[in-house]
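Worksheet: one structure, shown below.
The values are calculated or read from the model by the stated rules, or taken from the named source; none is laboratory data. Model, not experiment: these values are computed from the prediction. As a convention, Cβ positions derive from the backbone with ideal geometry for all residues, glycine included, and neighbour counts pool all protein chains shown.
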Amino acid sequence: MAFIKRDRQQTWLMPPAVEDYIPADDPVRPYDAFGDALDLRELGFELQDIRVGAPEFDPRAMIKLLIYGYSCCHHILSFIWLTGDLRPDHKTNCGAATYAG
């Protein structure tokens, strides 16, 4: 399946590896582990192997982003400020996978 993915261990001349941005004890790490443990097909997502056009973002990454964002965006002032106090819900962001349930 052709998803857009990035390797957190990849090193660059500038900036450093993305893995270096977040300390090992950062609270975001359990969200990453939880997202990796999900069985997307069991949850009702159809992961299509054949697509026309540019590759999609990895649906697992989009789910991690949604879960993390929804869990903290109503509590972090920078999210509230950035959106002008908009309150996104589950219908706001379309993920890369199609939910069949």
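Annotation: Ala33 fulfils all but one of (1) surrounded by fewer than 12 Cβ atoms within 10 Å (Cβ to Cβ); (2) within 15 Å of the chain's Cα centre (by Cα); (3) in a loop (DSSP other than H, G, I, E, B); (4) aliphatic (A, V, I, L, M); the unmet one is (3). Can you pull out the residues in segment 3-35 that are among the aromatic types (Phe, Trp, Tyr), over 30 Å from Arg51 (Cα atoms) and modelled with pLDDT of 75 or more? Residue satisfying the conditions is Tyr21 alone.
Taking the condition at pLDDT 70 or above, out of contact with any strand residue (DSSP E or B) (no Cβ under 6 Å at 6 or more places or on another chain) and not in a loop (DSSP other than H, G, I, E, B), does Ala54 pass? So Ala54 does not fit the description; no. In segment 25-52, the residues that are at positive phi reach residues that are surrounded by 12 or more Cβ atoms within 10 Å (Cβ to Cβ) with C-beta atoms within less than 7 angstrom, at least six apart or across chains, in these pairs: Gly44/Tyr99. Residues in segment 37-55 that are under 23 Å from Ser71 (Cα atoms) and exposed (fewer than 10 other Cβ atoms within 10 Å of the Cβ): 3 in all.
Counting just the residues of segment 36-51 that are of a type in the set (A, V, I, L, M, F, W, C) and in a loop (DSSP other than H, G, I, E, B), which one comes out modelled with the highest pLDDT? So the residue we want is Leu38.
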